[in-house]
Amino acid sequence: MSEIALTVSVLALVAVVGLWIGNVKIRGVGFGIGGVLFGGIIVGHFVDQAGVALSSPMLHFIQEFGLILFVYTIGIQVGPGFFASLRVSGLRLNLFAILIVILGGLVTAVLHKLFNIPLPVVLGIFSGAVTNTPALGAGQQILRDLGVPFEGVDQMGMSYAMAYPFGICGILLTMWLVRLFFRINVEKEAQRFEESSGNGHAHLHTINVRVENPNPQPDGDSGCADAQQRQHRLFAAETR
């Protein structure tokens, strides 16, 4: 089997194992699509132990194409309601997002200075800790443009893979603790959010109405029957 075919086969195995891990839930909590990374770590370990050589150009292509596809699908998913959400609460949410990125960047800079962690490694830790895959791709491209050797670029990917599982677990643990501490009912909060997202308008209720004439006219008296039908016509309009 050629290296390219072997690389594609390993990729398919990673996808299967990762999706299986993502579907495993403990008390309703699971890794979701993040399980693919765990699948890659597990499969990659055994592939390395077996001494299997994979195609480096193919791995690079898969990484770049996968990142492009990931960003594209996110844009397709959120695109239709992006500007509407931006008008409603976009400023506040964007400020929160910027604050999270700034705090993460400050912590990363402090760790880099205090512990003298190499730049590629600390950038990978930052990308993995905030579970930001596009940041990984952008950081690796910047390192290549700066002339960093391949080993340094590879270190960023390794540190990203090491920090990403802890980033996912930290997010899940934080969400679980917030839900437990504030006694949040997810179903009620979801219903309240749907009501508040209606811009103050009540939701429309749709009903089906069937009208029957209990006194049908004889077939011979068509004129009387037509008049009766006109009198009992029902007109429905949109109501709130």
**Message:** Please determine whether any residue of the stretch 40-54 is under 19 Å from the mean Cα position of the chain (by Cα), within 19 Å of GLY167 (Cβ to Cβ) and either part of a helix (DSSP H, G or I) or without any contact (Cβ under 8 Å) to a residue 12 or more places away in the chain (or both).
**Reply:** yes
**Complete:** MET1 fails exactly one of (1) among the hydrophobic types (A, V, I, L, M, F, W, C); (2) closer than 30 Å to VAL186 by Cα; (3) not in a helix (DSSP H, G or I), namely (2)
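Sort out which residues of the stretch 154-171 are in contact with a Gly (Cβ under 9 Å, 6 or more places away or on another chain) and not hydroxyl-bearing (Ser, Thr, Tyr), and write them in order of number.
Selection gives GLN155, MET156, GLY157, MET158, ALA161, MET162, ALA163, PRO165, PHE166, GLY167, ILE168.
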**Complete:** Within the stretch 49-58, the count of residues that are surrounded by fewer than 14 Cβ atoms within 10 Å (Cβ to Cβ) and modelled with pLDDT of 85 or more comes to 3
**Item:** Given (1) within 25 Å of LEU37 (Cβ to Cβ); (2) within 18 Å of the chain's Cα centre (by Cα), number of the condition SER85 does not satisfy
**Value:** (1)
**Asked** For the stretch 75-96, how many residues meet the condition of being modelled with pLDDT under 85 and under 21 Å from ILE171 (Cα atoms)?
**Response** 3
**Request:** Restrict the check to the stretch 31-39 and report whether at least one residue is surrounded by 13 or more Cβ atoms within 10 Å (Cβ to Cβ), touching a residue at least 24 places away in the same chain (Cβ under 8 Å) and more than 18 Å from GLY157 (Cβ to Cβ).
**Result:** yes
**Item:** Test for VAL71: is it of a type outside the set (S, T, N, Q) and in contact (Cβ under 8 Å) with a residue 60 or more places away in the chain
**Value:** yes
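For ILE125, are the conditions met, namely being exposed (fewer than 14 other Cβ atoms within 10 Å of the Cβ) and either assigned by TED's automatic domain parsing to the domain that holds LYS25 or not charged (D, E, K, R) (or both)? If you could, list the steps in order and put the result at the bottom.
Values: exposed (fewer than 14 other Cβ atoms within 10 Å of the Cβ): no; either assigned by TED's automatic domain parsing to the domain that holds LYS25 or not charged (D, E, K, R) (or both): yes.
No; evaluated as a whole, the condition is false for this residue.
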**Complete:** Expected output for the stretch 179-198 (first residue surrounded by 11 or more Cβ atoms within 10 Å (Cβ to Cβ), partner part of a loop (DSSP other than H, G, I, E, B) and of a type in the set (S, T, N, Q), Cβ below 8 Å, 6+ apart or cross-chain) is none
**Request:** Kindly indicate the residue of the stretch 147-206 that is closer than 24 Å to ILE100 by Cα and part of a loop (DSSP other than H, G, I, E, B) and also modelled with the lowest pLDDT among those meeting that condition.
**Result:** ILE184
**Item:** Top-ranked residue of the stretch 127-142 - restricted to ones that are in contact (Cβ under 8 Å) with a residue 24 or more places away in the chain and assigned to a helix (DSSP H, G or I), ranked as nearest to LEU59 (Cα to Cα)
**Value:** GLY137
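Residues checked against (1) within 22 Å of the chain's Cα centre (by Cα); (2) outside the structural domain of GLY139 (by TED's automatic domain parsing); (3) surrounded by 10 or more Cβ atoms within 10 Å (Cβ to Cβ):
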| residue | (1), (2), (3) |
| --- | --- |
| ILE62 | yes, yes, yes |
| PHE65 | yes, yes, yes |
| PHE70 | yes, yes, yes |
| GLY75 | yes, yes, yes |
| GLY90 | yes, no, yes |
| ILE98 | yes, no, yes |
| VAL101 | yes, no, yes |
| THR108 | no, no, yes |
| LEU114 | no, no, no |
**Asked** Which of the residues that make up the stretch 7-30 are surrounded by 14 or more Cβ atoms within 10 Å (Cβ to Cβ) and touching a strand residue (DSSP E or B) at 6+ places or on another chain (Cβ under 9 Å)?
**Response** ILE21, GLY22
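The values are calculated or read from the model by the stated rules, or taken from the named source; none is laboratory data. In this text, all values refer to a predicted model and were calculated from it rather than measured experimentally. As a convention, Cβ positions derive from the backbone with ideal geometry for all residues, glycine included, and neighbour counts pool all protein chains shown.
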